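Please treat every number below as a calculation from the coordinates, not as lab data. In this text the structure is predicted, and so the values were computed from the model without any measurement. FYI the Cβ positions are ideal-geometry reconstructions off the backbone, even for glycines, and counts take in every protein chain you see.
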Amino acid sequence: MKPAINKGEYFITGDIACAQGALAAGCRFFGGYPITPATEIAEHLSVKLPKVGGTFIQMEDEIAAMASVLGASWGGVKSMTATSGPGFSLMMENIGLGICTETPCVVVNVQRVGPSTGLPTQGAQGDMMQARWGSHGHYEIIALAPSSPQEIFYQTITAFNLSEKYRLPVLIMTDEMVGHMSEKVIIPDPKKIKNISRRRPKGRKDSFKLYEPGPDMVAPMPAAGEGYNIHVTGLTHDTRGYPIINVATHKQMMTRLIGKIRTNLDDIIQTESYRLDDAEIAIISYGISSRTSLAAVEEARKRGIKAGLLRLITVWPFPEDKIKQLAERVKGFVTVEINLGQIHQEVQRCVGGKVPAFLVGDFGGTIIPPERVLEVLEEAF
Amino acid sequence: MAANVKKAQKKSSHPLDDLLRTDRIPSIWCPGCGIGTVFSACLTAIKQSKIDLKKVVMVSGIGCSGRAAGYVKLDSFHTTHGRAIPFATGLKLARPDLTVIVFSGDGDLFAIGGNHFIHAARRNVDITVICVNNFNYGMTGGQVAPTTPNMAKTTTTTYGNPETPFNLPLLAYASGATYVARWTILHSRDLTGSIKESLAKTGFSFIEALAPCPTNYGRRNKEKLMDILKKYQENTIIKNGAVPTQLEIDHKNGVVLGKFVDVDRPALGESYEKICRQDK
């Protein structure tokens, strides 16, 4: 069998880098549906997956795509799908099933402009709150927002690792600009990539309990066909996996589903700070907008404005502590994102009115140029 | 004494107990419901097939029939409404060594899940789909389904159903299923036989099992349970190989039962292996 990835330097788009990252992470099942601007991920994997013993299937819609990904994951195979806004909306119910049944998988959303069909070929960052709350009920989710093809490659691997470790669907919330831009991507030697796989159960099969957690609040996961007689349901269930329809069981289940994320924030959350040490103004941004924000920081510094950037690589769970710590020492915040203030509201919540917090946002379809950020830096502070 | 009681209990156990999560019995199914009979036919067929039970998986959607996955002592998945088939498709493609059975109801498989049914049949995914057809949505209290007969009463068609129901075997045949059969719960041996045949077969199999829902459909349409069973006995015609276009459920002239389709064509897993995985 051919190697899944070939090390070297490539000039590729974010979408292709994402597909390469998935192969490097050990993804061997992709169930998808064509949608601009995420189609290239599916196309690339349709070529590569069968050659490494994996499976690609183009399903009849995104609902089916997400269901097939969950099914394959319970078969013991690392699985993913990739889509954009409308497809992401259709996947929501089964993302919830993945949360409730603790099914590891990766969902990529190459964001385009919404609502509805919107601007299919142009980028935005308008699905950030949908990523957080798009499926019904109250739950925790992990969402990453890479800002370059190289970073998509690595963050796709991280997404698989987090999904396998904490047993949940992990979302990659990239955007059309990053998905479609071509840049240098260095693909390392596969031996240098650290892949995590779901913890497997040990001990007696007849007394096995599907949702009996370990000290990290995560239960080991068998695959179908191994003799554990597992029952997996989206109904509220007890540690055996049996549906128990009462408030006490629900509380117990949810305490763990939420707890396994909230007690491991230090392990999950990744951010990157740039010139924040002496900064008076903190820019909060992610994805493509963090790159234009970086240019704004450079220019601001030249003009004597002490700006710095906190780039969110993990958007959910939200890096609250980082923002709260910054709020103790900076004079103000500017959130830069291609929507009308989804993450900005989170920033405001964490800042708690201690200092002013501004938004540089947009309806979508275009990047936010550094000049617009600079204007706010110069006029507001 | 205690040992005797235990022994007596062991003796009185059901022959299918080894395939049941007995700690979850009694089921939620109402007295007179037909799902249990289809469920036992399915379990009997699994048992008779002598397949390694470790490798048999049941996937269900939502609804009364969808609860079957919760009672079977096999690897079992109770998924979202209508999505049992695409879940099963992913599972089967990822794990070709598994025998995958989708057990669900008519509303789940043919209203909300209808699109997935036709595509899985077209692709010839190697799974067996068993549909308990009780002509209405039982779980939610008896609403109209895509199988409800014209003019029948349900809670959302109190004036009579203005729509026309699906001819399910025709839909399965037209979509590309390689095995299609229909029985009633009164024909449990034939039903078991068909399920057993379909499990041995590679390809997309579809079995429709007509079943009473006395609590909802029966009550609103003045059908007493015994009358329904009588109808299943007296007003059915067994006609193997019948033409699928002539399989509308006709309660006046008789409902046609039997095995209608049993053909071979390469299943998806096999074609994928040959066409996509082999180095050219």
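Assorted remarks:
- Mean separation of Cα contacts under 8 Å (6+ apart) over length of region A:8-192, as relative contact order %: 31 percent
- Nearest-ten-degree value, helix A:39-48 long axis tilted from longest Cα axis of chain A: 50 degrees
- Here is how the number arises for chain A: DSSP H runs of 4 or more residues each give -39500 (n - 2.57), the sum is divided by the residue count, and the result at 222 nm is -11500 deg cm²/dmol.
- Here's the list of aspartates and glutamates a cross-link from A:Lys354 could span, going by alpha-carbon distance under 12 Å and ignoring same-chain residues fewer than 8 apart: A:Glu328.
- Signed unit charges on C-beta, dipole axis of region B:33-277, positive-most listed residue B:Phe204, B:Thr80, B:Asn150: B:Thr80
- Dipole magnitude of region B:33-277 about its Cα centre (Cβ charges: Lys, Arg +1; Asp, Glu -1), debye to nearest 20: 340 debye
- Nearest-ten-degree value, helix A:14-25 long axis tilted from longest Cα axis of chain A: 40 degrees
- A dipole drawn for region A:8-192 from +1 and -1 charges on Cβ atoms has a positive end, and of A:Gly76, A:Ser163, A:Gln150 the residue lying farthest that way is A:Gly76.
- Pairs from A:Lys7/A:Lys322; B:Lys224/B:Lys259; A:Lys48/A:Lys192 whose Cα-Cα separation, in the structure shown, is over 24 Å: A:Lys7/A:Lys322; B:Lys224/B:Lys259
- Rounded to the nearest 20 debye, dipole of the protein assembly as shown from Cβ charges on Lys, Arg, Asp, Glu: 2580 debye
- Rounded to the nearest 20 debye, dipole of region A:8-192 from Cβ charges on Lys, Arg, Asp, Glu: 520 debye
- Taking 18 Å as the straight-line reach from the Cα of B:Lys231, the lysines in range (excluding those fewer than 8 positions away in the same chain) are B:Lys222, B:Lys239, B:Lys252.
- Over 19 Å between alpha carbons, listed pairs A:Lys78/B:Lys92; A:Lys51/B:Lys54; A:Lys205/B:Lys92: A:Lys51/B:Lys54; A:Lys205/B:Lys92
- Residues within the reach of a label modelled at B:Thr245 (point 7 angstrom out along Cα to beta-carbon, backbone nitrogen below 17 Å), restricted to region B:119-136: there are none.
- Over chain B: helical MRE at 222 nm, DSSP H runs n ≥ 4 each giving -39500 (n - 2.57), nearest 500: -8500 deg cm²/dmol
- Crossing angle, helix A:62-74 versus chain A [Cα axis fit, 0-90 degrees, rounded to tens]: 60 degrees
- Karplus-derived 3J(HN,Hα) values for region A:148-164, using 6.51 cos²θ - 1.76 cosθ + 1.60 with θ = phi - 60°, are 7, x, 4, 6, 4, 3, 6, 6, 5, 5, 4, 4, 4, 4, 5, 5, 6 Hz; glycine and proline are entered as x.
- Taking 0.36 nm per residue of sequence separation and removing the Cα-Cα distance, the A:Glu379/A:Asn6 pair yields an extension gain of 129.3 nm.
- Estimated FRET transfer efficiency when R0 is 30 angstrom, pair B:Arg189-B:Arg277 (beta carbons, to 0.05): 0.15
- Residues in region B:185-209 that a label on B:Glu270 would reach, taking backbone N under 12 Å of a point 7 Å out along Cα→Cβ: B:201-204
- The convex hull around the C-alpha trace of region A:8-192, projected and averaged over every direction, spans 9.2 square nanometres.
- Just so you know, the averaged projected area of the alpha carbon convex hull for region B:64-154 sits at 6.0 nm².
- Using distinct alpha-carbon pairs, which all enter the 1/r mean, Kirkwood radius of chain B in Å: 19.2 Å
- Efficiency of FRET between B:Lys224 and A:Glu299 - r from beta-carbon atoms, R0 60 angstrom, step 0.05: 0.15
- Going from the residue with the fewest nearby Cβ atoms within 10 Å to the one with the most, A:Val110, A:Val297 rank A:Val297, A:Val110.
- Stokes-Einstein D (µm²/s) once Rh is taken as the Kirkwood radius of the protein assembly as shown over alpha-carbon pairs, at 10 °C in 1.306 mPa s: 60 µm²/s
- The eigenvalues of the Cα gyration tensor, multiplied by 5 and square-rooted, give region A:272-380 an equivalent ellipsoid with semi-axes of 18, 17, 12 Å from largest to smallest.
- Region B:33-277: relative contact order in percent, alpha carbon pairs under 8 Å with at least 6 residues between: 20 percent
- Likely footprinting exposure, A:Ser46, B:Ser60, fewest C-beta neighbours within 10 Å first: A:Ser46, B:Ser60
- Considering only chain B, percent of DSSP beta bridges that pair antiparallel, nearest 5: 20 percent
- All-pairs alpha carbon distance profile, region A:1-113, 10 Å steps from 0, percent: 16, 49, 29, 6, 0
- Using alpha carbons only, the radius of gyration of chain A set against its Kirkwood radius gives Rg/Rh = 0.98.
- Projected label points at A:Trp133 and B:Asp17, each 7 Å from Cα along the beta carbon direction, are separated by 5.1 nanometres.
- Simple label model, 7 Å out from Cα along Cβ direction - B:Asn150 to A:Leu265, nm: 6.3 nm
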